[in-house]
Every structure is written in C-alpha cells, then in structure tokens.
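The structure under discussion appears below in the form of structure tokens.
Computed from the coordinates by the stated procedures, all read-outs in this text should not be read as laboratory data. Predicted, not measured: the structure shown is a model, and the values here were computed from it. Here the Cβ positions follow ideal geometry from the backbone for every residue, glycine too, while neighbour counts run over all protein chains shown.
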Amino acid sequence: MFSKNLLQFAALVSLIFPLFAWGTVYYSKDEALELAFGKDAQIETVPVFISEEQAAAIEKFAQVKLDSNLFSFFEGKKQGQVVGYAAIESHTVRTQPETMLIVLSPTGELVRTEILAFHEPPEYQPPARWFERLYRRPIADLRLNQGVDGITGATLSSRASLDSIRKTLAIYQIALREGAQ
C-alpha cells in the first residue's frame, strides 16, 4: 500500500513539475550591457530621481503607472562620446516575471530590445522580429491595436513589454533629457 501511494505521488509530481519549470534566463546584466554598447564601451549608471510633477507627466505620456520615483539608466560611451542609454526593466506578465533590456539611441529613440529572462511559458514570449517593428517609432505608436499588432497567444506579454518600453522612453524624455536642461 505504501509503495503504491509513493508511486502515485511520484507520478503526480512528474506531471505537475513541468508546469512550474518554465523560466529561462538568457543574459546576465553584464552580458546585456555588452549587447547594448559593445565590449569596449565605458558604462556608467545614471540614477534618475523623478519629481512628483515629472511622474505625473510620465504617467500621462506613457499611459502607465510608475512603480517608483527612482529609475536607472546605463549610459554607454566610446571614446568619450555617448553611444546610447539602456534600461533593464522587470515586470510581471501574467503571474511570472519578464526582464527586458531596452536600448535607446543618444537622442532617445528605441533601437534595441532583448528579453533577458522570461519565466512564463515560452509560447507567450514575443519574438525578436516583433520587437524589431517597434524601433525608432514615436511613443504614441507603441500601443497594442493602435499602431502595433498583437501577438496571438501572447497578448499579455506583448502588452507588458510595450508598457515597459513606453515607460522607459517617457522617463528618458521627461526626467533625463528635459531634466538635465
């Protein structure tokens, strides 16, 4: 009787465990920053302290709620020239986290995105070619069904990714670029 129950338990665990075994980490922070700026770049962390006034403007512009009034960009330089900015953004898709690298040009245009870690089922992950269609587009065009096609079976992950991209672009424009002037 005991061995039969143990066998049934083992069978149940073997069926259930794969349901919780999703999750892939593709790149570390250092690898991500190398993707963003190359091996020979000098990288500096740029903390952005967002005022209440800026937070309201960012939320209105990006149409997302800010989680914090502190944000960090990574500024990449080569030979003293800024080559771009990057942010590492984590958010919950359905019930599990996704971490993205969002890379902006020196003028604040979206030029690259990479999924650094994705813990939802793999079929919910937006493909790289979907992200490529977002590059260099204005923030107003980065909303599902309002300039960006959805992905069948990955609506929540594509919406979460777009929210992070819009938030990063808005913070760059309102708090980093305009805040520095």
TODO: Identify all residues within region 53-92 that are at positive phi and without any contact (Cβ under 8 Å) to a residue 40 or more places away in the chain; write none if there are none.
DONE: Gln79, Gly80
Task: Pairs where the first residue, in region 23-50, is closer than 13 Å to Ala87 by Cα and the second is of a type in the set (Gly, Ala, Ser) and surrounded by 15 or more Cβ atoms within 10 Å (Cβ to Cβ), C-beta under 7 Å, 6+ apart - done: Leu33/Ala86; Ala36/Gly76; Ala36/Gly84; Ala36/Ala86; Phe37/Gly76; Phe37/Gly84; Ile43/Gly76; Val48/Ala175
Task: Options Phe61, Phe49, Phe73; residue that is within 25 Å of Ser158 (Cα to Cα), of a type in the set (Phe, Trp, Tyr) and touching a strand residue (DSSP E or B) at 6+ places or on another chain (Cβ under 8 Å) - done: Phe73
Task: Residue tally, condition assigned to a helix (DSSP H, G or I), out of contact with any Ser or Thr (no Cβ under 8 Å at 6 or more places or on another chain) and under 20 Å from Gln125 (Cβ atoms), over region 136-165 - done: 8
- [ ] Count, please, the residues in region 133-157 that happen to be exposed (fewer than 14 other Cβ atoms within 10 Å of the Cβ) and in contact (Cβ under 8 Å) with a residue 24 or more places away in the chain.
- [x] 3
TODO: Output the residue which, of all residues in region 61-85 that are among the polar types (S, T, N, Q) and under 19 Å from Met100 (Cβ atoms), is surrounded by the fewest Cβ atoms within 10 Å (Cβ to Cβ).
DONE: Ser68
Open item on the list: Looking at region 91-110, can you tell me whether even one residue there is charged (D, E, K, R), within 11 Å of the chain's Cα centre (by Cα) and buried (at least 16 other Cβ atoms within 10 Å of the Cβ)?
Closed with: yes
